[in-house]
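For reference, the structure discussed in these notes is given below.
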Amino acid sequence: MRPARLVQMAFGIRFDDAMWGCDDVSLATLATEVGTPTYVYSATDIEERYHRLDAALGAYPHAIHYALKANSTLAVVRLLRQAGSLADANSGGEVEVALRAGFIPDQIVLTGVGKTEQELDRAIRLGVRTINAESAGEVDRIEALAVAQGARARVAVRINPDVDARSHPHISTGLKATKFGVALDEARELCRRIAGSATLDLAGLHVHVGSQIGTLGPVRRAVGAAVALATALRAEGMAVEEVDVGGGLGIDYGDAPVPTLEEYATALLEIVRPSSLRLVVEPGRSIVGPAGALLTRVVDVKPRGPDGWCVVADAGMTDLMRPALYGAYHRIVPLTRRQTARVHCDIVGPVCETSDTLGTAREMPRPEPGDLLAVLDVGAYGSAMASNYNRRPMPAEVLVRCAGWELARRRQTVDDMLACES
Ligand code: LLP
């Protein structure tokens, strides 16, 4: 049941009363109490986004499987389960996290381009809701494993509709040349093969053409291709139940506007409704992305060029990889307020790589060592992509609700880091 609307309440990462906060908790206070680098998330903001998408899909038969890859911190996954979401796992590890967060297998779909036999065997044994198959070979493996277990497996075929998501090339997955899914002709054959199997149940088609998609055109084309194929398969007499349209809706990082969750839902429904196929979505970023900030403390400041400054923070590419990997833009705001003139600052991390930057050419009053900064919109693909490179510990994570907060993940220690080593 959707709770009473929360729009009147102030929540999320926001600037209010002359300070940056997460809901009603000051980010500067949190940084002081928990240390830095630390990820902070607004529980209410995450819930609100989930409920907005659910409400926008309305009474049409649908299922929202939150994509754990965006943020699989247990407290965040548990929160979304409690909000009513289902789960999309991209690996055996994410399946286990989903189970520990309280999902039952029937609430989990398993995706992923290279599922191992062990991962498939476990998924079939558990009885996950659907396995989104990426190739004919994978369908063979699923069938053989299911036969060996004397079990059934529900399978969807991931199509590659050859649609350009026009996102960053690293995260555009819908073009023929990429490793994802199977071409439309091959998908048709594969569905016939699944429908004719004594062990497999054909769930339907799956499509995901990319992430951080900024316009609805590619979504419409991809979903349109899936619906057209599903309709053709039904005409052949196959019981195709659903179309899983993956994730992909972008968020506004402050550099380009994107469609809203409501506009996205409307576009999906326009295309899927005439087919009456059940609609499955796997959103990640659009649910958790804007709800997170990364708190970091300045460790050094030095002149760079004629009028610029190099601001070295204690968070870097090991904590937030997106700027280094994709040249991604994230807003960076000072939590320590200074009245001095704004200057050009490159905010960089401590790792010995030139790519280790959080943001370049930012205008802000020159920070001093000890000052606090917040990197915004990092709820998705932030902590989930963090690493121990340079033997840097994983950051702490905090979940805020209104005026209270809990430590979702304590900062990793050197002992934690070495626990698996001889
Ligand atoms: N379903 C499938 C099959 C996916 O591959 C993905 C994301 C999603 C759902 C969720 O997509 P979302 O709604 O979050 O866009 N690390 C990159 C993003 C990689 C996305 C991979 N797949 C980044 O930081 O931008």
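The values are calculated or read from the model by the stated rules, or taken from the named source; none is laboratory data. It should be emphasised that the depicted structure is a prediction, and the values quoted were computed from it without experimental measurement. Here Cβ is always computed from backbone atoms with ideal geometry, including for glycine, and neighbour counts include all displayed protein chains. To get the accessible areas, we keep the full protein, side chains included, count just its heavy atoms, and leave off ligands, DNA and RNA. Shrake-Rupley method; radii C 1.70, N 1.55, O 1.52, S 1.80 Å.
What figure, in Å² to the nearest 10, do you get for the accessible area of VAL113 with a 1.4 Å probe and non-protein molecules left out?
About 60 Å², rounded to the nearest 10.
Find which of ALA10, ALA63, ALA101 sits farthest along the positive direction of the dipole of segment 1-105, computed with +1 on the beta-carbon of Lys and Arg, -1 on that of Asp and Glu, about the Cα centre.
The listed residue farthest towards the positive side: ALA63.
Within a Cβ distance under 11 Å of SER276, other residues only, what is the Lys/Arg minus Asp/Glu net charge?
On the way: positive: ARG234, ARG273, ARG278; negative: GLU241, GLU242.
Once positives and negatives cancel, what remains is +1.
Around ASN90, with a cut-off of 11 angstrom between Cβ atoms, what is the net charge of the other residues, counting Lys and Arg +1 and Asp and Glu -1? Walk me through the numbers on the way to the answer.
Working: positive: LYS69, LYS115; negative: ASP88, GLU94, GLU119, GLU282.
Within the 11 Å Cβ shell, the charges total -2.
Only sites in a loop by DSSP and with at most 12 other Cβ atoms within 10 Å count here; which trypsin sites (Lys or Arg not before Pro) in segment 329-394 make the cut? Walk me through the intermediate numbers first.
Numbers: sites: ARG331, ARG337, ARG338, ARG342, ARG362, ARG391; in loops: ARG331, ARG337, ARG338.
Those that pass, being in a loop and sparsely packed, are ARG337.
Can you tell me the convex hull volume per residue for segment 277-390, based on C-alpha atoms, in Å³ to the nearest whole number?
Numbers: hull volume 13.1 nm³, N = 114.
Each residue corresponds to 115 Å³ of Cα convex hull volume.
How many percent of DSSP beta bridges within the chain run antiparallel, rounded to 5?
50
Can you count the Lys pairs in the chain with C-alpha separation below 21 Å, eight or more apart or on different chains? Kindly include the intermediate steps, with their values, before the conclusion.
Working: LYS69/LYS115; LYS69/LYS179; LYS115/LYS176; LYS115/LYS179.
Qualifying lysine pairs in the chain: 4.
ALA198 to LYS179: extension gain in nm, 0.36 nm per residue of separation minus the Cα-Cα distance? Display every interim value, and only then the final one.
Details: separation 19, 0.36 × 19 = 6.84 nm, distance 2.88 nm.
Contour length minus Cα-Cα distance gives 4.0 nm.
Full extension from ASP17 to ARG100: what is 0.36 nm times the residue separation minus their Cα-Cα distance, to one decimal in nm?
On the way: separation 83, 0.36 × 83 = 29.88 nm, distance 3.89 nm.
Gain on stretching ASP17 to ARG100: 26.0 nm.
Taking the chain as a Gaussian network, where each spring joins two C-alpha atoms under 10 Å apart, which residue of VAL299, VAL375, VAL109 fluctuates the most?
Sorting by GNM fluctuation, first place goes to VAL299.
Please give the peptides 62-70, 202-210, 120-128 ranked by average Cβ packing (other Cβ atoms within 10 Å per residue), highest first, as a rough proxy for protection.
Values: 62-70: 24.7, 202-210: 27.1, 120-128: 19.8.
In decreasing order of mean packing, 62-70, 202-210, 120-128 become 202-210, 62-70, 120-128.
In the chain, once you exclude exposed GluC sites (Glu not before Pro) (DSSP loop, at most 14 other Cβ within 10 angstrom), what's the longest stretch remaining? Please list the in-between numbers first.
Working: sites that count: GLU236, GLU353, GLU421.
Value returned for the longest uninterrupted segment is 1-235.
Looking at segment 155-260, which trypsin sites (Lys or Arg not before Pro) are DSSP coil and have at most 10 other C-beta atoms within 10 Å of their C-beta? Before the final figure, lay out each step's value.
Working: sites: ARG158, ARG166, LYS176, LYS179, ARG188, ARG192, ARG193, ARG220, ARG221, ARG234; in loops: ARG166, LYS176, LYS179.
Passing sites in segment 155-260 are LYS179.
Calculate how steeply helix 74-83 sits against the longest principal axis of the alpha-carbon atoms of the chain, using the helix alpha-carbon long axis, and give the answer as 0 to 90 degrees to the nearest 10.
60
Nearest 0.05, what FRET efficiency do THR215 and GLN339 give at R0 = 35 Å with Cβ-Cβ as r? If you can, show how the numbers build up before the last one.
Values: r = 41 Å, r/R0 = 1.16.
With R0 = 35 Å, the Cβ-Cβ based efficiency is 0.30.
Report Rg (one decimal) and Dmax (nearest whole number) for the chain, counting Cα atoms only, units Å.
When restricted to Cα atoms, the chain yields Rg and Dmax of 22.5, 73 Å.
At 1.4 Å probe size, with every protein chain present, just tell me what the per residue accessible area of the chain comes to in Å².
Working: 17340 Å² over 422 residues.
I get 41 Å² per residue for the chain.
Carbon-plus-sulfur fraction of the accessible area of the chain, 1.4 Å probe, in percent? Each step should come with its number before you reach the end.
Numbers: 9140 of 17340 Å².
Accessible surface attributable to carbon and sulfur in the chain totals 53 percent.
Please work out the C-alpha center-to-center distance from segment 254-310 to segment 27-45 and express it in whole Å.
Here the answer is 20 Å between Cα centres.
GLY210's amide H: which non-local residues (gap 5+, or another chain) put their own amide H closer than 5 Å, with H modeled 1.01 Å from N in plane and none for Pro or chain starts?
The list, which skips near neighbours in sequence, is THR173.
Heavy atoms only, 1.4 Å probe, whole protein assembly: order PHE15, PHE180, PHE103 by accessible area, highest first.
Numbers: PHE15 105, PHE180 45, PHE103 10 Å².
The ordering from most to least exposed comes out as PHE15, PHE180, PHE103.
Of all DSSP beta bridges in segment 272-398, what percent run antiparallel (nearest 5)? Working shown, then result.
Details: 20 of 25 bridges.
Roughly 80 percent of the DSSP beta bridges within segment 272-398 come out antiparallel.
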